[in-house]
Amino acid sequence: MRPNLHSRPTGAVRHTMRARALGILCLLVFVFSQVAFGQDRDRGGRIKPPTATTRTMSQKRPRAGAGQFASVLQPNRSPLVTFRILFMTGSAFDPEGKEGVAALTAAMLAEGGSRRMSYEEITNAFYPMATSFGFQIDKEMTVFSGTTHLDNLDRYYSIISQMLLDPGFRQEDFTRLKTDAINFLKVSLREANDEELGKEQLYNSIYAGDPYGHHNMGSLAALERLTLDDVRAFYRQHYTTGNLVLGLAGGYPATFVNKVRADFGKLPASPSNARMSRPNPRLAPGMRIEIIKRDTRSTGISLGFPIEATRSSADWPALAVVASYFGQHRSSNSYLYQRLRELRGLNYGDYAYIEYFPRGMFQFAPDPNLGRSRQIFQIWIRPVEPQNGHFTLRAALYEYDKLVREGMSKETFEATRAFLLKNINILTSTQDASLGYALDSRYYNIADFNTYMRERLSRLTLEDVNSAIQRHLKSDRMRIVMVTKDAEGLRDAIINNRPSPIKYNAPKPDEILNEDKVIQEYRINVKPEDVVIVPVERVFQ
């Protein structure tokens with residue numbers, strides 16, 4: 001598994017030379033096998049979408065009963081076997097006052113050892129197999145994943161099944177992982193990563209008072225109070241057959257599936273967790289701005305609002321086109337990137353999303369298995385020099401308002417749709433990603449992702465896209481989070497709508513300079529009481 005270094009805490013012990021060597025070796029084996037042996041591919045080299053046979057039970061939700069759970073199976077000719085063992089639980093199911101117990105439970109399973117083997121013994125056993133086993137937690141999903149060579153399948157499975165079905169729950173592991181979680185929020189995120197800090201706080205602000213309203217790792221106050229008994233209780237309640245979806249891909253023997261089903265069928269039987277069916281929060285009308293005061297040399301900006309659309313919604317493909325055109329992740333062709341970075345040199349990049357996309361500064365593609373029943377439209381403005389913070393905020397709002405007012409043109413629509421039709425093959429190009437997207441398709445109750453997107457995009461029209469913009473993006477409830485050092489000065493400039501001229505180190509075309517004159521005085525309609533300063537020490541507290 002590719003480690004999600006920013007979805008969970010990582011201790012110094014996992015940054016040894018052995019771990020680095022293991023990761024490199026595992027990657028080389030994986031890449032070689034995908035090229036040399038691979039999965040079933042079409043003549044263009046693209047992985048063929050799973051057939052109805054390989055999507056065994058992917059659309060079926062079995063009745064509650066002993067030993068029954070859902071599965072998504074993708075057998076192929078690869079010598080690698082990939083596991084994605086998904087439990088339909090996550091931080092949204094943290095009991096009130098125990099925010100962080102879901103993440104800590106997952107960490108204890110993936111990084112705390114089984115009853116038979118300590119975590120050190122497990123990592124030592126994984127080393128000669130050139131493999132690993134990790135986890136990712138979100139609001140409604142917790143997934144454990146790893147890949148092993150077919151030659152090592154029995155040994156690997158014996159270890160990971162013990163980890164999940166017979167956990168050790170040792171006090172020393174609990175203390176270590178709880179400390180890691182606290183340090184992740186307090187140090188790694190709050191004190192060392194302005195970008196992820198602002199993005200995560202935007203969600204906390206939008207979903208305040210809601211099960212979504214705390215970081216996936218929890219809150220610092222709650223983490224301090226958690227006990228090992230809290231972890232045991234969460235495990236007993238949520239790690240059940242009713243919440244389990246087995247994801248398996250690769251060249252595993254047909255009989256292997258029966259063994260896994262028999263083993264995991266011993267988990268307690270219970271109805272699945274109720275999907276988060278509550279509506280999006282009813283945000284008060286008007287703009288709200290939160291300025292996080294932190295000793296930093298830049299100013300980061302995140303802004304957004306809830307949208308009534310998920311991947312299963314009729315308008316989702318249209319909104320995917322809009323987000324890609326306006327701010328495709330890591331694309332220099334996107335509109336915001338061109339206007340803010342290329343033409344004005346303000347920062348490193350500017351992106352837009354209609355689905356949760358954490359760790360974006362570290363990767364080019366989103367991770368699967370972050371399925372949510374509620375999403376937001378988000379604009380991520382990467383850090384700018386503090387003297388340009390006010391101008392950049394105005395520029396982002398100016399361009400957003402233009403998008404809502406004017407929509408997309410025929411030319412930009414056609415180009416963006418063509419890009420997305422090709423990009424879907426990249427998103428699902430590996431065995432692990434293909435399996436992850438298949439699990440997500442089951443969650444959203446849609447066809448496999450590639451088929452779904454090709455069919456929907458091929459029927460999409462420019463009118464569909466511009467209508468979706470009006471239905472979903474025309475919002476007067478924008479929420480903004482900024483991270484900067486001079487929070488007081490920035491707040492004063494915003495509430496008084498002071499001009500914010502930008503200065504360049506090189507000449508710019510008159511077209512840009514004339515537009516800058518409009519942007520530097522572009523009115524931000526916000527009341528003084530709705531622009532608040534938050535000391536960084538209070539974030540995630």
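Taking the empirical scaling 2.2 N^0.38 Å for compact globular proteins as reference, the chain has a Cα radius of gyration ratio of 0.99.
Go ahead and collect, in residue order, the members of segment 326-346 whose backbone nitrogen is under 18 Å from a label point 7 Å along the Cα-Cβ direction of LEU421. Flagged as within label range: none.
Evaluating 6.51 cos²θ - 1.76 cosθ + 1.60 at θ = phi - 60° for every residue in segment 432-441, the Karplus couplings come out as 5, 5, 4, 5, x, 5, 5, 5, 5, 5 Hz, glycine and proline recorded as x.
Of all DSSP beta bridges confined to the chain, the antiparallel ones make up roughly 70%.
Once backbone amide H atoms are built at 1.01 Å from N, ALA365 has no partners under 5 Å, excluding neighbours fewer than 5 places away on the same chain.
Based on alpha carbons, the Rg and Dmax found for segment 260-305 are 22.0, 56 Å. Treating r as the C-beta distance of SER458 and ALA365 and R0 as 22 Å, the FRET efficiency rounds to 0.45. Annotation: for a label point projected 7 angstrom from Cα along Cα→Cβ of ARG278, residues of segment 201-238 with backbone N closer than 13 Å are 207-214.
Every helix of 4 or more DSSP H residues in the chain counts as -39500 (n - 2.57), and over all residues that averages to -12000 deg cm²/dmol at 222 nm.
Compared with the dominant principal axis of the Cα atoms in the chain, helix 389-406 is inclined by about 80°. Solvent-accessible area assigned to carbon and sulfur over the chain amounts to 52 percent, based on a 1.4 Å probe.
Taking the C-alpha atoms only, the angle from helix 510-519 to the longest principal axis of the chain is near 80 degrees. Pairs exceeding 25 Å between alpha-carbon atoms, taken from LYS98/LYS199; LYS186/LYS485; LYS139/LYS178; LYS178/LYS485; LYS178/LYS199; LYS98/LYS266: LYS178/LYS485; LYS98/LYS266.
Relative to the dominant Cα principal axis of the chain, helix 101-111 is inclined by about 50°.
Hull volume per residue, based on the alpha-carbon atoms of segment 378-491 and their convex hull, is 167 Å³. Each part gets one Cα centre, and for segment 356-375 versus segment 98-116 those centres are 22 Å apart. Once backbone amide H atoms are built at 1.01 Å from N, PHE377 has PHE305, ILE307 as its partners under 5 Å, excluding neighbours fewer than 5 places away on the same chain.
In the context of the full set of protein chains, residues of segment 404-473 present 43 Å² of accessible surface per residue (probe radius 1.4 Å, heavy atoms only).
Accessible surface for segment 202-286, divided over its residues, is 42 Å² per residue with a 1.4 Å probe. The magnitude of the dipole of the chain, with charges of +1 and -1 set on the Cβ of Lys/Arg and Asp/Glu and taken from the Cα centre, is near 1000 debye. The calculated FRET efficiency for the pair GLN338 and TYR522, based on their C-beta separation and a Förster distance of 25 Å, comes to about 0.85. As a rough guide to protection, the peptides 107-116, 457-466 ranked by mean Cβ packing within 10 Å, highest first, stand as 107-116, 457-466. Using θ = phi - 60° in the Karplus curve 6.51 cos²θ - 1.76 cosθ + 1.60, the 3J(HN,Hα) couplings for segment 86-100 round to 9, 10, 7, 7, x, 5, 5, 9, 4, x, 4, x, 10, 4, x Hz; x is entered for Gly and Pro. Among residues other than SER161 with Cβ under 13 Å from its Cβ, the summed charge is +3 (Lys and Arg +1, Asp and Glu -1).
How many angstrom lie between the C-alpha centres of segment 506-537 and segment 131-175? About 48 Å separates the Cα centre of segment 506-537 from the one of segment 131-175.
The values are calculated or read from the model by the stated rules, or taken from the named source; none is laboratory data. Fair warning: this is a prediction, and the values are worked out from it, not measured in the lab. Quick reminder, even Gly has a Cβ in these numbers, built from the backbone with ideal geometry, and neighbours come from all protein chains shown. Surface areas here come from the heavy atoms of the whole protein model, side chains and all, with no ligands, DNA or RNA. Shrake-Rupley method; radii C 1.70, N 1.55, O 1.52, S 1.80 Å.
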